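What follows is a short report on a single structure.
What follows draws every value from the coordinates through simple rules; no lab data is involved. Since this is a predicted model, take the numbers as computed values, not measurements. Positions of Cβ are backbone-derived with ideal geometry, glycine not excepted, and every protein chain shown enters the neighbour counts.
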Amino acid sequence: MRRNGGGWPTMDLLRSEPMQLAQLIIPIESARPTISYLGDLGLFQFKDLNADKSPFQRTYAAQMKRCGEMARKLRFLREQMIKAGLSTSTRPSAGTDVDVEKLEVKLGELEAEIIEMNANNEQLQRTYAELAEYKLVLQKAGEFFHSTKSIAAIQQRELKAQSLGEGSIDSPLLLEQEMVTDPSKQVKLGFVSGLLQRDKSTAFERILFRATRGNVFLKQAVVEEPIRDPSSGEKVEKNVFVIFYSGERAKNKIVKICEAFAANRYPFADDTSKQFQMITEVSGRLSELKTTIDVGLLHQASLLQDIAHQFEHWNLLVKKEKSIYHTLNMLSIDVTKKCLVAEGWCPVSATTQIQNVLQRATLDCNSQVGAIFHVLHTEESPPTYFCTNKFTTAFQEIVDAYGVAKYQEANPGVYTIITFPFLFAVMFGDWGHGICLLMATLYFIFREKSLSNQKLGDITGMIFGGRYVILMMALFSIYTGLIYNEFFSVPFDIFGPSAYACRDLSCRDASTQGLIKVHSTYPFGVDPVWHGTRSELPFLNSLKMKMSILLGVAQMNLGIVLSYFNARFFANDLNIRYQFVPQIIFLNSLFGYLSLLIIVKWCTGSQADLYHVMIYMFLSPMEDLGENQLFVGQKFLQVMLLLLALAAVPWMLFPKPFILKKQHEERHRGQSYAILHSVDDPLEMDLHPNSHGHEEFEFSEVFVHQLIHTIEFVLGAVSNTASYLRLWALSLAHSELSSVFYDKVLLLAWGFNNTLVLIIGIIVFISATVGVLLVMETLSAFLHALRLHWVEFQNKFYEGDGYKFQPFSFTSLSEEDE
Amino acid sequence: MGFVVTSLIFTVIGILASLCTRVFCNSGPSTNLLLVTLVITATVCCWMMWAIVYLAQMKPLIVPILTDGE
């Protein structure tokens, strides 16, 4: 439905691009390339024509499954690469266009190969670990036997040398002595050797002792460094143990206990020569295994490296395929199974481009039949589409965050580009801080190209996205900083001398009566003499509060005027006569009048009390104004304005619902006549189903809606105007903070005349300025300026209940995270 | 410098800026209209702020009272 505001020139970005509902009829053989090219173009939003079908009933469900499989294999490959420590952030090597079918086969092969390599590797690692443990057992247990044997040999010699049968302090193990010195008394002993985890060793010992009633002997030796456990693959601390026992039953018990404690047992020969042989053999096998494992790992690494180069490219390809089939699933298939029907929204301006794309796809497929593009007419509300460039995107997103514009209603984004940074700057005004913000954002803007390709963090990403907003904010802050005359809270007299001077040459009462204005007004901004005086705050507060009211009334009037343009565009006369006019009258007869009084008071320098004037305008309008009179005829004017405002309220409330009711009745009455008289008129038949849709007209609902709207406006006029006082509040906070940091930190540090104190003072000053003023205050002013736009400005005209145009496009794919 | 004179200066700057955008960033009538709207809005905002601060200081009711030891 296109309505024209009647001959007014179009403005970019003010209203949504005109959209049309189009139907594409595509022959099956050229379906895939058509969708692919449309995805490259990115200007067509497909409607889901198969919404009632489950995912398994759709035409291309099998292909979707295959794409899903490929995506799974890619995810597996990525995990393997991450485990091997390779990164996949290399940019996709454009050019080598891989066929999707071949890619599928290749991915399958790669997956199988990698799984096999992993399994082999694991097996080899396990064998290696076991052999390593065996070697340790051989070494340590060998040491036991060896050491005790040598001690036993020494003992023998000592015993032989002296005939005294004294036992020395470090007498060898009893059983060693028995074994070595007295073969006749030898008892048949067996032993078990193995490895056990260190933290289980005490429990092991205890249970062993209890189970065998103390008839075993356990000797443990600590392994210095943690070794790899074959079953779990992790490095643990272990002990080598040797258990000496006698008898079969004891052996069984010991074996069971070892198994319960997951202690690995290894055979051990007590013959020294055999031990030596075993050790060499095991060492040989260990080194062999090591080389095998290394070669295997190298092979895997090189394979993964190869994959890493192409990974992003494949990933993108698979995602593209998946999205193409996903879109194809949304098309409905014709009865003859020869062509697919697609329905969707596209901008009117993109028609030729889309038709070209369709032709190109037909040519590429050598298809006999070309695709058909034709426009449908519909009553549905189209999506909203604004053509934004890199500068306006951020501002449009700010507006969209509140609500997407209804199709073709006026877009507040146009004015937001200027007024949002301006209101921010009113609250931030300091040209020193403005210059700092400017430097920061210029850095982002100059490195735009390189930064847009990188993946930035959350916060940096947001700042980068809003770099042009911050640029505007910084420029306006410099301007308002010059007007408030604050450079890190220090005023300068750049634009000429101050207008104030002492009353007389001695300047006696400069601190009691104050200065007087001798020259003409300081030409640009606040006079530099004010900073640091005792009456600075009363003066600035009065100035800033009045400024907030004036700016607020101006912006609200702009909002109401935009509602006029909306009503004109949609040819809604009712809204003009019974909404726009009374709203303008109400707002301006109260707050517009207040603004006028402020300006007159400033121009004439009268001492009238404006609070008094406004309040008594309502309480006792006929009373004489006395010293609060600002101009001739003020009382008469006030009474007139009051009457106008009072008249505007029922003007807003009553006429519209009644007229709507009358209009609906007329339409309804006209309908019934049409049905009776001309049955075969096709136009009337077309209108008939429509009227069933709009037939509901509840007068009470419409009236209550209008009542709410009226109350909202009337009360809102007061509250919104007061809300603009936050411009004053934040500006005061900023200048006070800035002043405190300067006076109490920097100047204090300067006063000590000590370099070290000065350096510390400068560091504290800089960190406080950056942390509190540049970061916190920026965010705070940003938020409040945003609120002023979203609530006070937009509730005068903005409906914002549209939906955004989301075309099928491949560029949005690469931003998706897995 | 006078209120009227400076306001005239603001107007002239605004008109010059719109002409410059017309000359340097000419890209279709609807885009031009948008750019001119932005320039005029910016000029009006800046002028309003200056004018408010100037008017408030023309006939002041409060005068600066210096602190002791200034």
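Sorted from longest to shortest, the spans of the Cα atoms of the range A:274-336 along the three principal axes equal 84, 26, 14 Å.
How long is the gain from A:I759 to A:K744 if the chain were fully straight, where each residue apart is worth 0.36 nm and the alpha carbon distance is subtracted?
Values: separation 15, 0.36 × 15 = 5.40 nm, distance 1.46 nm.
Here the segment from A:I759 to A:K744 would lengthen by 3.9 nm.
Per-residue ellipticity at 222 nm from helix content only, as computed over chain A with -39500 (n - 2.57) for each DSSP H run of at least four residues, stands at -19000 deg cm²/dmol.
The relative contact order of the range A:447-522, computed from alpha carbon pairs under 8 Å that lie at least 6 residues apart in sequence, is 20 percent. For A:L456, no residue whose modelled amide H falls within less than 5 Å of its own remains once neighbours fewer than 5 places apart on the same chain are excluded. If R₀ is 22 angstrom, what is the calculated FRET efficiency for the pair A:R667 and A:H709, using the beta carbon separation as r and rounding to 0.05? With a Förster radius of 22 Å, E is 0.45. For A:Q20, the residues whose amide H sits under 5 Å from its own are A:C346, A:V348, ignoring neighbours fewer than 5 places away on the same chain, with H placed 1.01 Å from N. Once the convex hull of all Cα atoms in the range A:476-608 is built, its volume per residue stands at 139 Å³.
For A:C502 and A:Y443, the FRET efficiency from 1/(1 + (r/R0)^6), where r spans their Cβ atoms and R0 equals 60 Å, is about 0.80. Look at B:V39, A:V772 and count the other Cβ atoms within 10 Å of each Cβ; fewest to most, that gives A:V772, B:V39. As I understand it, the value is the acute angle between the Cα axis of helix A:272-328 and the longest principal axis of the Cα atoms of chain A; what does it come to in degrees, rounded to 10? That helix lies at roughly 20 degrees to the long axis.
Fewest neighbouring Cβ atoms within 10 Å first, the residues A:H784, A:H668, A:H433 line up as A:H668, A:H784, A:H433.
Here A:W8, A:W790, A:W431 are placed in order of increasing Cβ neighbour count within 10 Å, fewest first, which gives A:W8, A:W790, A:W431.
Would you kindly calculate the translational diffusion coefficient of the range A:206-302, applying Stokes-Einstein with the Kirkwood radius from alpha carbon pairs, for 10 °C and a viscosity of 1.306 mPa s, and quote it in µm² s⁻¹ without decimals? D = 97 µm²/s.
A straight line joining the Cα centroids of the range A:268-303 and the range B:5-41 runs 83 Å.
Couplings for the range A:545-552, taken from phi via the Karplus curve 6.51 cos²θ - 1.76 cosθ + 1.60 with θ = phi - 60°, read 5, 5, 4, 4, 5, 5, 5, x Hz in order; Gly and Pro are left as x. Potential lengthening of the chain between A:N356 and A:R213 amounts to 42.1 nm, from the contour at 0.36 nm per residue minus the alpha-carbon distance.
What does the charge count around A:P27 come to, taking other residues whose C-beta lies under 10 Å from its C-beta (Lys +1, Arg +1, Asp -1, Glu -1)?
With Lys, Arg at +1 and Asp, Glu at -1, the net is -1.
If one takes the longest principal axis of the Cα atoms in chain A, at what angle in degrees, from 0 to 90 and to the nearest 10, does the Cα axis of helix A:201-211 lie? Rounded to the nearest ten degrees, it is 50.
Judged by a Cβ-Cβ distance under 4.7 Å, the unpaired cysteines of the protein assembly as shown are A:C67, A:C258, A:C339, A:C346, A:C365, A:C387, A:C436, A:C603, B:C20, B:C25, B:C45, B:C46. Comparing Cα centroids, the range A:742-810 and the range A:612-662 end up 41 angstrom apart.
Net length available on complete extension from A:S349 to A:A61 is 100.3 nm, with 0.36 nm assigned per residue and the Cα-Cα distance removed.
Working note: Karplus 6.51/-1.76/1.60 with θ = phi - 60° gives the range A:110-127 the couplings 4, 4, 4, 4, 5, 4, 5, 4, 4, 5, 4, 4, 4, 4, 4, 4, 5, 4 Hz, where Gly and Pro are set to x. Structural descriptor for the range A:317-463: relative contact order 10 percent, calculated from alpha carbon pairs under 8 angstrom and at least 6 residues apart. Below 8 Å between Cα atoms, with a sequence gap of 6+, how large is the relative contact order for chain A in percent? So the answer I get is 21 percent. In order along the range A:527-532, the phi-based Karplus estimate (6.51 cos²θ - 1.76 cosθ + 1.60, θ = phi - 60°) of 3J(HN,Hα) comes to 4, x, 6, 5, 5, x Hz; Gly and Pro are listed as x. Expressed as a fraction of 2.2 N^0.38 Å, the value expected for a compact globular protein of N residues, the C-alpha radius of gyration of the range A:333-389 is 1.39.
Angle of helix A:634-653 to the longest C-alpha principal axis of chain A, folded into 0 to 90 degrees and rounded to 10: 60°.
Of all lysines in the structure, the ones whose alpha carbon falls short of 18 Å from that of A:K337, not counting any fewer than 8 places away in one chain, are A:K53.
Each residue of the protein assembly as shown gets 344 Å³ once the volume of the Cα convex hull is shared out per residue.
The modelled label-to-label distance for the pair A:E205/A:I28, using points 7 Å beyond Cα in the direction of Cβ, is 8.0 nm. Could you sort out which of A:K656/A:K796; A:K635/A:K656; A:K601/A:K656; A:K662/A:K796; A:K83/A:K106 sit more than 29 Å apart by Cα distance in this structure? From the list (A:K656/A:K796; A:K635/A:K656; A:K601/A:K656; A:K662/A:K796; A:K83/A:K106), the Cα-Cα distance tops 29 Å for A:K635/A:K656; A:K601/A:K656.
In straight-distance terms, cross-link reach from A:K200 covers every one of the lysines whose alpha-carbon lies under 23 Å from its own, apart from those fewer than eight places away in the same chain; here that gives A:K135, A:K140, A:K219, A:K235, A:K238, A:K251, A:K253, A:K256.
Note on chain A: with charges restricted to the Cβ of Lys and Arg (+1) and Asp and Glu (-1), its dipole about the Cα centre is near 1440 debye.
May I ask for log10 I(q)/I(0) of chain B at q = 0.17, 0.20 Å⁻¹, from a Debye sum over the Cα atoms as equal point scatterers with solvent left out? Normalising to I(0) and taking log10 leaves -0.71, -0.84. R0 = 22 Å: FRET efficiency of A:L574 with A:L643, Cβ-based, nearest 0.05? Efficiency, rounded to the nearest 0.05: 0.35.
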